[in-house]
Amino acid sequence: MTQASLASVSGVAETLLTEEVLASLPTNGAGAPWTCRCQAIVWSDPGTRAANTALPPAIGHGAKVLGVIGGMVRYLDTPVGEYNEVLGAVGFRRGHSVRGSVVFMAVDSPVSLVGGRTNWGMLKTLARFEGNFDGRQAGGPRMRAAGTVGPSWSVSATARALGPT
């Protein structure tokens, strides 16, 4: 995939890549499919007007937002090695059909960024991550991601158990 093709994967402003980042990316070394092992913190929230505007125009027109799903993932074993990811998806309904669209995704691995954009058209960008999933720290597993390209953004998550242990 060319630099222009990598840049053409559309998403929210936070996923745009600069010319400098595009020039530094490796080639795609791991085609689909991928088998992975991971740990994750996942959450959901009701949909807002912001969720509706995050949907690509071709999808968003006529869609009723049902909610959003977010997650932080630490991939422990993948074809491109270990890496971290943060993502946001919007669930929506059009007519009787319920669907979802990943509108934001950031990773700390340039190889994963290229693989995601090339193999699946996922609008990955780059971020730095802090924290862990081991659960031994006070307050439970915590992760934080912050953008390293384009507009400033950050996402923090602290896991807590729901339901019986």
**Report entry** Count of region 98-114 residues which are open to solvent by 40 Å² or more (accessible area, probe 1.4 Å), over 15 Å from S44 (Cβ atoms) and not in a loop (DSSP other than H, G, I, E, B)
**Finding:** 3
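Conditions tested, residue by residue: (1) surrounded by 11 or more Cβ atoms within 10 Å (Cβ to Cβ); (2) within 18 Å of the chain's Cα centre (by Cα).
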{"site": "Q3", "(1), (2)": "yes, no"}
{"site": "S8", "(1), (2)": "yes, yes"}
{"site": "A23", "(1), (2)": "no, no"}
{"site": "Q39", "(1), (2)": "yes, yes"}
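Output the number of residues of region 7-26 satisfying the condition of being of a type in the set (S, T, N, Q), more than 18 Å from I59 (Cβ to Cβ) and assigned to a loop (DSSP other than H, G, I, E, B). Show your work before the answer.
So the first thing to find is which residues in region 7-26 are of a type in the set (S, T, N, Q), and the list is 8, 10, 15, 18, 24.
Remaining after also requiring more than 18 Å from I59 (Cβ to Cβ): 18, 24.
Those left that are additionally assigned to a loop (DSSP other than H, G, I, E, B): 18.
Counting residues in region 7-26 that are of a type in the set (S, T, N, Q), more than 18 Å from I59 (Cβ to Cβ) and assigned to a loop (DSSP other than H, G, I, E, B) gives 1.
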Query raised in the report: Which condition does A50 not pass, out of (1) open to solvent by less than 80 Å² (accessible area, probe 1.4 Å); (2) in contact (Cβ under 8 Å) with a residue 12 or more places away in the chain, if it passes all the others?
Result: (2)
**Report entry** Condition check for S44: exposed (fewer than 15 other Cβ atoms within 10 Å of the Cβ) and either modelled with pLDDT of 90 or more or farther than 21 Å from E14 by Cβ (or both)
**Finding:** yes
Query raised in the report: For G140, all conditions in the list (1) farther than 17 Å from R37 by Cβ; (2) in a strand (DSSP E or B); (3) of a type in the set (G, A, S) hold save one; what is the number of the exception?
Result: (2)
Report summary line: F133 fails exactly one of (1) within 15 Å of the chain's Cα centre (by Cα); (2) open to solvent by less than 30 Å² (accessible area, probe 1.4 Å); (3) under 19 Å from D77 (Cα atoms), namely (1)
**Report entry** Test result for R142, under 16 Å from the mean Cα position of the chain (by Cα) and more than 28 Å from N52 (Cβ to Cβ)
**Finding:** no
Requested in this report: Could you list all residues from region 56-70 that are in a strand (DSSP E or B), open to solvent by less than 20 Å² (accessible area, probe 1.4 Å) and without any contact (Cβ under 8 Å) to a residue 40 or more places away in the chain?
Outcome: G67
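Here is a yes/no grid of residues against (1) over 15 Å from S112 (Cα atoms); (2) touching a strand residue (DSSP E or B) at 6+ places or on another chain (Cβ under 8 Å); (3) free of Cβ contacts under 8 Å to residues at least 60 places away in the same chain:
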{"position": "E19", "(1), (2), (3)": "yes, no, yes"}
{"position": "A23", "(1), (2), (3)": "yes, no, yes"}
{"position": "G29", "(1), (2), (3)": "no, no, no"}
{"position": "S44", "(1), (2), (3)": "yes, yes, yes"}
**Report entry** So N119, is it surrounded by fewer than 18 Cβ atoms within 10 Å (Cβ to Cβ), assigned to a helix (DSSP H, G or I) and touching a residue at least 60 places away in the same chain (Cβ under 8 Å)
**Finding:** yes
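The values are calculated or read from the model by the stated rules, or taken from the named source; none is laboratory data. If you're wondering where the values come from, they're calculated on a predicted model, not measured in any experiment. In this analysis, Cβ positions are derived from the backbone assuming ideal geometry, glycine residues included, and neighbour counts consider all displayed protein chains. Please note that ligands, DNA and RNA were not included when accessible areas were found on the heavy atoms of the full protein model with its side chains. Shrake-Rupley method; radii C 1.70, N 1.55, O 1.52, S 1.80 Å.
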